[in-house]
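The values are calculated or read from the model by the stated rules, or taken from the named source; none is laboratory data. Quick caveat, the model's predicted, so the values are computed rather than measured. Neighbour counts are summed over all protein chains in view; Cβ atoms, including those assigned to glycine, are modelled from backbone coordinates with ideal geometry.
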Amino acid sequence: MDETLAEFLRRILWKIPIIEMMPVLKAWDYLSENQLQSLNLRQRKELLIQDVVLLCEKEQANLEDATLLDLTYTQLHQHQKVWDVFQMTRLPGDDSDDLFDVEQFKQSFKRILRRALKNVTVSFKDAEENALWIRIAWGSQYKQPNQYNPTFVVYHAQTRYAFVSSSRLKSISSLLGQALVVASKHHQIVKMDLRSRYLASLKAIVFKQYNQIFETHDSSSPLQERSLNINMDPRITHENIVEKERVQRVTQETFGDYPQPRLEFAQYKLETKFKSGGGILADKEEPLRCLVKFSSPNLLEALRSLAPAGIADAPLSPLLTCIPSKGMNYFKIRDK
């Protein structure tokens, strides 16, 4: 094993917390059980990493083996990436339902990239639910692939969607899109206005499965907060209960009973013109532009809680509640 490959392995292993080292190495499925048992997980991390690298050297690990370790780590820590969603379409009338051949897809995908780039590294890893994980390290005609800044793609067989995480998405979007379209036998690909760190939630939104994948709440339980001050006017008491029940009903109708897909933000770009007569802004031809961004560790659940908490009126604006149904969290709002 040359020093370049050894350093690449060390850099991957440094990303893995010691407490997760064994699960990741087992999922990698490269070292034997006896070799894994020989590792001392209580020693300093640099010594543990050196022991793993020595075992890999003994097994004559190559670059493909190392990239699969990186793929394995990323698959288990997918929330550390930001994922964009791409949607593919077929030609009108093309209802091809050929059986998906994963090996043919891999060969075609590689061929397209290598035809355009002399230096590119492509690795594949099969996963559950017909998901194929792809790792691409990009080079050029004159430079070797940069293994430290790869692109990750998750494609579900026989679907129209691919999920991509890359820091250089703009520069590689066209070539990557061409490889995906040809390999999956589609005609066109577009980037959706949908992005998140939570890959499972993105999948749930585009596959319309968020009411099936996520565990559902018990919708049969009555309102929990019924205890009101007995000295309060009974008419006000009744009015409060009726309003709470209305808010609860509207919220349930809007969001359903299931936990919401997890998104971190929704962004709205507004472009409008003043239409009132007179005033210095009325004659201005350049539209007024502003950007509004809602953010939360779990935005949709936060939105669902606004009305019951008394922070917002029910129902909420459709611009906020339509995020899962429209499959987007980037919006552009213009005058009609």
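Side notes on the structure shown:
- Members of region 315-336 that are assigned to a loop (DSSP other than H, G, I, E, B), surrounded by 13 or more Cβ atoms within 10 Å (Cβ to Cβ) and in contact with an Asp or Glu (Cβ under 9 Å, 6 or more places away or on another chain): P315, G327, M328, N329
- Yes/no for R235 being modelled with pLDDT of 90 or more, in a helix (DSSP H, G or I) and surrounded by fewer than 13 Cβ atoms within 10 Å (Cβ to Cβ): no
- The residues listed here are D65, D70; of these, the one that is crowded, with 16+ Cβ neighbours inside 10 Å and touching a strand residue (DSSP E or B) at 6+ places or on another chain (Cβ under 8 Å) is D70.
- Pairing residues of region 310-321 that are assigned by TED's automatic domain parsing to the domain that holds V292 and touching a residue at least 60 places away in the same chain (Cβ under 8 Å) with residues that are basic (K, R) and part of a helix (DSSP H, G or I), at Cβ distances under 8 Å and at least 6 apart in sequence or on separate chains, gives A314/R246.
- First in region 196-210 and buried (at least 22 other Cβ atoms within 10 Å of the Cβ), second anywhere and of a type in the set (D, E), Cβ under 8 Å, 6 or more apart: S196/E264
- Total residues in region 62-112, condition over 20 Å from R160 (Cα atoms) and in a helix (DSSP H, G or I): 18
- Which numbered condition R114 misses (of (1) in contact (Cβ under 8 Å) with a residue 24 or more places away in the chain; (2) in contact with a strand residue (DSSP E or B) (Cβ under 9 Å, 6 or more places away or on another chain); (3) surrounded by fewer than 15 Cβ atoms within 10 Å (Cβ to Cβ)): (1)
- Residue within region 133-140 that is more than 27 Å from D193 (Cα to Cα) and either in contact (Cβ under 8 Å) with a residue 40 or more places away in the chain or assigned to a loop (DSSP other than H, G, I, E, B) (or both) present: yes
- Cβ-Cβ distances below 7 Å connect the following pairs, each with a first residue in region 27-44 that is part of a helix (DSSP H, G or I), a second residue that is at pLDDT 95 or above and among the polar types (S, T, N, Q), and a separation of six or more residues or different chains: A27/T72; W28/T72.
- Single residue of region 45-61 satisfying the filter (aliphatic (A, V, I, L, M) and part of a helix (DSSP H, G or I)) that is surrounded by the most Cβ atoms within 10 Å (Cβ to Cβ): V52
- Only one of K106, K125 that is over 25 Å from R11 (Cα atoms) and basic (K, R): K106
- W28 vs. criteria of a type outside the set (S, T, N, Q), assigned by TED's automatic domain parsing to the domain that holds F163 and either within 26 Å of E7 (Cα to Cα) or touching a Phe, Trp or Tyr at 6+ places or on another chain (Cβ under 8 Å) (or both): no
- When region 8-22 is limited to residues that are exposed (fewer than 13 other Cβ atoms within 10 Å of the Cβ) and assigned to a helix (DSSP H, G or I), the one that is modelled with the highest pLDDT turns out to be W14.
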